[in-house]
Every structure is written in structure tokens, then in C-alpha cells.
1. Within the range 360-431, which strands (runs of 3 or more DSSP E) (wholly inside it) include 2 or more residues that are open to solvent by 10 Å² or more (accessible area, probe 1.4 Å)?
2. What residue, of Ala240, Ala223, is crowded, with 24+ Cβ neighbours inside 10 Å, hydrophobic (A, V, I, L, M, F, W, C), within 22 Å of Ala153 (Cβ to Cβ) and in contact with an Asp or Glu (Cβ under 9 Å, 6 or more places away or on another chain)?
3. For the structure I just gave you, tell me whether Arg270 is of a type outside the set (A, V, I, L, M), open to solvent by 30 Å² or more (accessible area, probe 1.4 Å) and at pLDDT below 95.
4. Please verify whether Val305 is crowded, with 22+ Cβ neighbours inside 10 Å and part of a strand (DSSP E or B), treating the condition exactly as stated.
5. Among the candidates Gly94, Gly82, which residue alone is on the phi > 0 side of the Ramachandran plot, open to solvent by 40 Å² or more (accessible area, probe 1.4 Å) and touching a Gly at 6+ places or on another chain (Cβ under 8 Å)?
6. Going by the conditions given, is Ser25 buried (at least 19 other Cβ atoms within 10 Å of the Cβ) and of a type in the set (Gly, Ala, Ser)?
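The values are calculated or read from the model by the stated rules, or taken from the named source; none is laboratory data. Note that the structure is predicted; figures quoted are calculated from it, not measured. All Cβ positions, even for glycine, are placed from backbone atoms using ideal geometry, and neighbour counts span all protein chains on display. The accessibility values were calculated without ligands, DNA or RNA, using every heavy atom of the protein model including side chains. Shrake-Rupley method; radii C 1.70, N 1.55, O 1.52, S 1.80 Å.
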Amino acid sequence: MTPGGRASAAIEVLADMAERKRPASEALKDWGVGHRFAGSGDRAAIGNLVFDCLRKRASAASAMGEDSPRALVLRTLATEWGMTPEEVAGLCDGGRFAPAPVSEKELEGLKRALPAGAPAHVRGDYPEWLDAAFAHVFGDRAVDEGAALAARAPVDLRVNTLKANRDKVLKSLSRFEAASSVYSPVGVRIAPRQGPARSPHVEAEAGHGKGWFEVQDEGSQIAALMSGAGPRQQVIDLCAGAGGKTLALSAQMENSGQLYAYDADRTRLRPIFERLKRAGARNIQVLPAGEAAGLRPLDGKMDLVVIDAPCTGSGVWRRRPDAKWRLTPEMLEARLAEQRAVLDEGAPLVKPGGRLAYITCSVLAQENNEQVAAFLTRHPDFEVVPWREAWAAAVPSAAPDSADRSEETLLMTPLSHGTDGFFVALLQRKA
């Protein structure tokens, strides 16, 4: 496909998303099915362009004076894909597959710099209704933190120490310029590609098939490390999902002790079985999904309860940029209710002196610090373990400040830590 054809396809996909109110992944999949002539490189380039448009939607729309799919694509080509306004205009030649010629108004928009006085949510590319929430968490860094959440994300991998070491994985992925992560001692990072270039499909690599590594953001790796899971412990992953953190915990436990994996949703839990086998994890017992009554025999017996809670996902907007524009206050309230419920479900499992690790991939205080404060009010037999203590015990690198400047709980962000947005609170049950 020509560059003009790819641009037209991206416009078509964005229009379909707006009209049918559906995720980018679904719209891109359907476009690919209906246009089988497009090669894998074309589909990857179109997907990159769509996601880049969504990452910077607010600032692009402000500069162009409209938020139409065409305006977003043209602006993104000029600001994120290294094209000059004149080159974008040349691409839109009105040919059979190319976009229609650029108007004078559009050309002005392509040349327009976003004013320094533009609203914070525009410069930070996050929803306007979250303006107060971002200011509350980040203060005068709200714009910069939002902008970092609107950039492309790297490919992060966690080395499975049950089967490999980091040097072995780095060597196997050397052609992708893989490097050690900044903080995680078991992390590997492949920098994000720019423009139409595809990120490497690491799950197709032989090392992945052999169980040497799993795809997992460095922030998620740090959260698992800080939980304090170790050999011969009794641990439960209460929101196990597909098993990403479960596998990390198993490796930390050196395949000893007992690790229970549970999730309320049977569909989310289903992929865990194949992953356990590939990773060589043998200390994991998968509990029947959705059968909460089956948890009660474990009450008061767990050294560690890990709750990777359902949340808005505001910390992973780099990877799912369409989700930030679909998020509503009602969706936030629903997640808050789910978090309260799973925290109350997990608390009785913790033995005296044991810990509960509460983790989200959100940067919003309502889901993080405020949720923890409410939990402690309901459960006065728990207390916070300061996060720096857990970091020092699990992570060999010096700790940067929490993104919200808290000394009790940790908030990691792309700007402050180079990770996705992750929140970690460690809560100990008093002996």
C-alpha cells in the first residue's frame, strides 16, 4: 500500500470506531478482514497510525480546530511521523486510494504550534473531566505526566528465572537491541519503534516458546517483587487473570511453597494453564473461577494476598490509548465498587503478621491512596508498610520518589519511572 492508502485506511478505521463506539483492536481487525490485500507491514503501519492519533487526540484536535478522523490523521503524520506539512499535503493528492487534497485551513492547522496557554488536559492529552484528578495527584506536573502517558510504550519482558537468566534472554534477542531494564533485576526492554515500524513480535521467538521470558511491563515486575513473595510461603493471587503476576510470584517463590491462583471471571483465567506449563511453574494451584466460597477454607492462612485489582487502566494508556477516551465517571465508580469488594474478600485470607499487596494500573487517587485509606478504616487490624522498605528489600537499584510524592505507597509512571502507571500499597495484618 502507498503511504496515502495507509492514511486513508487509518481515517476509515477511526471513523468506524467513532460511529460504532468500539475499541481500536476490533475496528482494526475487521478492517484487515475486509481488506485482505493489505500485507502485515501495511496492517502494522495502519495500526500504529491509528494508535498514535488516539494517544494525542486532544492536542491534535485543538491544533486542527476539529477532531474528525481526517484531521487527527493529518496532524499525527506531521507531528509524530516526521513529515513536514508540505509532505503531508503532497501525500493527499486525491488519487484513487489517497485522502482528498488538503485545504488551506488544514494546512494552517498542520503548521500551528500548540500554544503554551492551552488547557492542561489538551497539552497533556487526557480527558477534560479528569483535569482535577490529575492536578490532585501530580500538581504542576500534570501536563508532563499526561504527555508521557500519551507516548509509545516499549516492549518489556520478565525473565523467567525458573528456566533462564537475563544474559541468556538478552543474547537471544540481541537483533532487537534488547537491553536490561533500569530497575527490575529480571527485566529486559526493547525500545519503541517510530512511525510505521513494527515492534518485534517477541512471543513468536523460540525463547518465549521455551518459557524463558514473558511479556510484562517493568512496573508490573516491580510490583510483584515488592509484594515480598518468597520460598515456602503460602500465597494467593486473588485477581490472577491470565496469570502474568502469578508466574512472576511463582519464580520468586522458586517453585516452592503453595501459590493459589483465583479469579472471579472464568474467561480471564482460561489462558493461565498453557502459560503455567510453558513456564515450568509447579507450585501453583488454580482454584475454580468465580467460586468465592472456595476461598474461605484459606482464611487466616496466607502469608501474602496479592490483589491486582480491576481498575480504569489509566496507567496503561500508552498501550491502550482508545481506553482513555472511552472512560466515563460511571465506569470509574463501577471499578471503585469492585475494588472495595475484592479488598474485603481478600482481607480475611491474610494471617496475623501476613501482608496484602494492593496493586492497580491506575494513576487516579480514587482508586489508589483513597481506596487504601477507606480499607484501613474498615479493617483497623491492618497497617501500611512504607513502600521504600519493600523496594530496598526487593529491587537492587536506588528508588526514585513516588510520582505522587507519597512515603507510604508507591505510584510509578512513565515520566517518573519509565514504566506504565502502577500503584503499590503493602498492608500488614497486625499480629
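1. Details: elements: 382-385, 410-412, 422-429.
Ranges flagged: 382-385, 422-429.
2. Working: Ala240 fails: within 22 Å of Ala153 (Cβ to Cβ).
Just one listed residue meets the conditions, Ala223.
3. Numbers: of a type outside the set (A, V, I, L, M): yes; open to solvent by 30 Å² or more (accessible area, probe 1.4 Å): yes; at pLDDT below 95: yes.
It is true that Arg270 is of a type outside the set (A, V, I, L, M), open to solvent by 30 Å² or more (accessible area, probe 1.4 Å) and at pLDDT below 95.
4. Values: crowded, with 22+ Cβ neighbours inside 10 Å: yes; part of a strand (DSSP E or B): yes.
So Val305 passes the test.
5. Values: Gly94 fails: touching a Gly at 6+ places or on another chain (Cβ under 8 Å).
Only one candidate qualifies: Gly82.
6. Numbers: buried (at least 19 other Cβ atoms within 10 Å of the Cβ): no; of a type in the set (Gly, Ala, Ser): yes.
So Ser25 does not fit the description; no.
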